[in-house]
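Working notes, structure below.
The values are calculated or read from the model by the stated rules, or taken from the named source; none is laboratory data. None of the values given here were measured: they were computed from a predicted structure. Backbone-built Cβ (ideal geometry, glycine too); neighbour counts: all protein chains shown. These accessible areas exclude ligands, DNA and RNA; they are computed on the full protein's heavy atoms, side chains included. Shrake-Rupley method; radii C 1.70, N 1.55, O 1.52, S 1.80 Å.
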Amino acid sequence: MNDITPATLKHVERPARPGGMSNALVFGWRAILKFKHVPEQLFDLIMTPIMFTLLFTFVFGGALAGSTDNYLQFFLPGILVQTVVFNSVYSGMGLSTDLGKGLFERFRSLPIWPLAPFAGLMVGDVLRHFIAGSIILAIGLMLGYRAEAGVFGVIGAFLLLFAVGFGFGWVFILMGLLIRTPMTVMTIGFTLIFPLVFASNIMVEPETMPDWLRAFVDHNPISFITTALRGLMGGGVTFQQILLALIAPVLLTVVLAPASLVAYRRK
Amino acid sequence: MNSPDTTDPRGTAALAISARGLVKTFGKLQAVAGIDLDVPRGMIFAVLGPNGAGKTTLIRMLATLIAPDEGKATVMGHDLRDEADAVRSSIALTGQFASLDEDLTGRENLLLLARLWGFRGRQATGRARDLLEAFNLSDAANKQVKDYSGGMRRRLDIAASLIVTPGVLFLDEPTTGLDPVARQGVWRMIRDLARSGVTILLTTQYLEEADQLAARIAVIDRGRKIAEGTSRELKATIGSGFLHVALGDASDIDRASALLEAKLGHPPKRNVEGGALSIMADTPKAANEAVAALMADGIAVTDFSMGTPSLDEVFFALTGDPAEPEKEQAS
Ligand SMILES: Nc1ncnc2c1ncn2[C@@H]1O[C@H](COP(=O)(O)OP(=O)(O)OP(=O)(O)O)[C@@H](O)[C@H]1O
Ligand SMILES: [Mg+2]
């Protein structure tokens, strides 16, 4: 092994302090590099929604909605919501993994904006939601889905999905911060998410459900989000639907973002 | 436990680190139980201690990662509590466990940190290239860190701490888990760094490492500093060497023990397996005479050797010897 060359041990002064946004973008860049080096992660992200789309459409579609085409038209916006929410769980797992490795120790000993790593995580999440959402949408289109509201409807739908991902993301960021093992984050995450996703109007209209369940489904934030998304993509969305859809993400952000910062500082 | 003299401006100006009465408690356990530390600028200072002594906890407090429960400290003249950000700007930390992104390449890891520090474009790539070259990692620059060997990881980890030249570099057990060749490499690197003016605070479990590198050594055990001084001063306290004796017949051990203690004036330490003793010996001559006395008394000695004391023996000498008061606060 050679010695280190003294030339490089010359004194290097720190450059002008970068802004918080610049720090966050660097973390975003890291998230993008992860896609390059670990493309497998995308596989996890999209396989479940693809299977759900195919299974529900072809196995249950006819029975649930009269024809597979009708069902796909109903189901596709819902599966996009499900994909985004599931993705957030993976993101919390990723954070828990990172925190376990001491990498964050270094980040925390740097003079940077303390929230930058999370902002970067969100950049990565948005990118993942975008990639996964696009793939699901493309498959839907191939199977015969038609977005009646056109391109602008779809853009609006994706914006809403990003907001949902951002809001729900905090739940799993906080869990990632508080729970040491990534597997536990996943188990608890899915235990919380499954009832929300399945007891919603993603798969079926709640008309045939018992009253107590229907009451839950009607007030489930996932149902509000799904309804707004259907409206955005299929046409006929109302302002009120969008507001209802945004309640949960906004509340989660307002409460959990500061809580995450406290948990991070305390670690 | 706070002593008021931290406010002395003359004293702290020349010191890279000055700590008084640092305490950190986890639940019921006092991981660090009131430690004072003065590290002059430009020095390699070693904190020596066994597993669980509180080395990592001490470093994490000084690097602003956790807040002390009691006590105060300045790092490069900045108060740990009130000027945490200024402290962060003047330190770098290489933790006990590699703090690298395993999925990224070596170059990307350095680029990431260079950009977080605020280097842009060419400056950032230049900084990454220089460090990779300096740490002999250019060939592996584009490999993912998960494919690196332990020695390569360590070097990259230390390189990652030098994006901006720190005032103080904290190295938490920099050579644990490395083979002897890689260890030598890291030692050379640490010496070169110190020569360039960086103050280095390192922790280690190996007396030899502290001895090789550090101008001053603080020995800590169960959260307390039990001795401090130059390597020479410490050795003077604990004897220049250790005599190891293996007995032919384990039942002789009590007799041998008494004899050695009488000859050498230190309490012998029995090895767990029995049938062997270690004892401080102030000179090789005294050791020689002690062994001769054993044989003259008819005790079968199958093997004996003189060696530098192991950390274990240092602790025994520092904590288990009531006859010789601790030379604590010798500074
Ligand atoms: N976050 C924590 N929560 C609870 N206990 C802790 C925590 N960190 C450290 N400890 C405890 O504090 C004590 C000192 O730990 P520390 O990691 O500082 O020791 P160390 O000298 O670095 O040991 P090692 O040589 O094994 O790295 C240990 O008993 C450890 O279990
Ligand atoms: Mg440690």
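Look through A:Leu25, A:Leu64 and report the one residue that is open to solvent by 20 Å² or more (accessible area, probe 1.4 Å), hydrophobic (A, V, I, L, M, F, W, C) and at the interface with chain B (Cβ under 9 Å from one of its Cβ atoms).
Details: A:Leu64 fails: at the interface with chain B (Cβ under 9 Å from one of its Cβ atoms).
One residue alone meets the criteria, A:Leu25.
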Of the conditions (1) surrounded by fewer than 18 Cβ atoms within 10 Å (Cβ to Cβ); (2) more than 10 Å from every other protein chain (Cβ to nearest Cβ); (3) away from ligand 1 (no atom under 16 Å from the Cβ), B:Met76 fails just one. Which one is it? (1)
Condition check for A:Met93: open to solvent by 60 Å² or more (accessible area, probe 1.4 Å) and either away from chain B (no Cβ under 14 Å) or not acidic (Asp, Glu) (or both): no
Does B:Ile59 satisfy the condition of being surrounded by 20 or more Cβ atoms within 10 Å (Cβ to Cβ), under 18 Å from B:Thr199 (Cα atoms), among the hydrophobic types (A, V, I, L, M, F, W, C) and in the same structural domain as B:Arg155 (by TED's automatic domain parsing)? yes
What residue, among those in segment B:193-235 that are of a type in the set (A, V, I, L, M) and in a helix (DSSP H, G or I), is farthest from the other protein chains (Cβ to nearest Cβ)? B:Leu234
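A:Tyr71 - would you say it is more than 21 Å from the chain's Cα centre (by Cα), farther than 30 Å from B:Asp130 by Cα, more than 10 Å from chain B (Cβ to nearest Cβ) and of a type in the set (Ser, Thr, Tyr)?
Numbers: more than 21 Å from the chain's Cα centre (by Cα): yes; farther than 30 Å from B:Asp130 by Cα: yes; more than 10 Å from chain B (Cβ to nearest Cβ): yes; of a type in the set (Ser, Thr, Tyr): yes.
Against the criterion (more than 21 Å from the chain's Cα centre (by Cα), farther than 30 Å from B:Asp130 by Cα, more than 10 Å from chain B (Cβ to nearest Cβ) and of a type in the set (Ser, Thr, Tyr)), A:Tyr71 qualifies.
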Please go through segment B:233-275 and pick out each residue that is among the hydroxyl-bearing types (Ser, Thr, Tyr) and out of contact with any Pro (no Cβ under 7 Å at 6 or more places or on another chain). B:Thr237, B:Ser240, B:Ser251
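For (1) in the same structural domain as B:Gly42 (by TED's automatic domain parsing); (2) more than 22 Å from the chain's Cα centre (by Cα); (3) open to solvent by 20 Å² or more (accessible area, probe 1.4 Å), each residue gets a yes or a no:
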{"residue": "B:Ala53", "(1), (2), (3)": "yes, no, no"}
{"residue": "B:Leu65", "(1), (2), (3)": "yes, no, no"}
{"residue": "B:Ala98", "(1), (2), (3)": "yes, no, yes"}
{"residue": "B:Leu113", "(1), (2), (3)": "yes, yes, no"}
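Does B:Asn136 count as away from ligand 1 (no atom under 16 Å from the Cβ) and more than 9 Å from chain A (Cβ to nearest Cβ)? Working first, answer last.
Numbers: away from ligand 1 (no atom under 16 Å from the Cβ): yes; more than 9 Å from chain A (Cβ to nearest Cβ): no.
So B:Asn136 fails the test.
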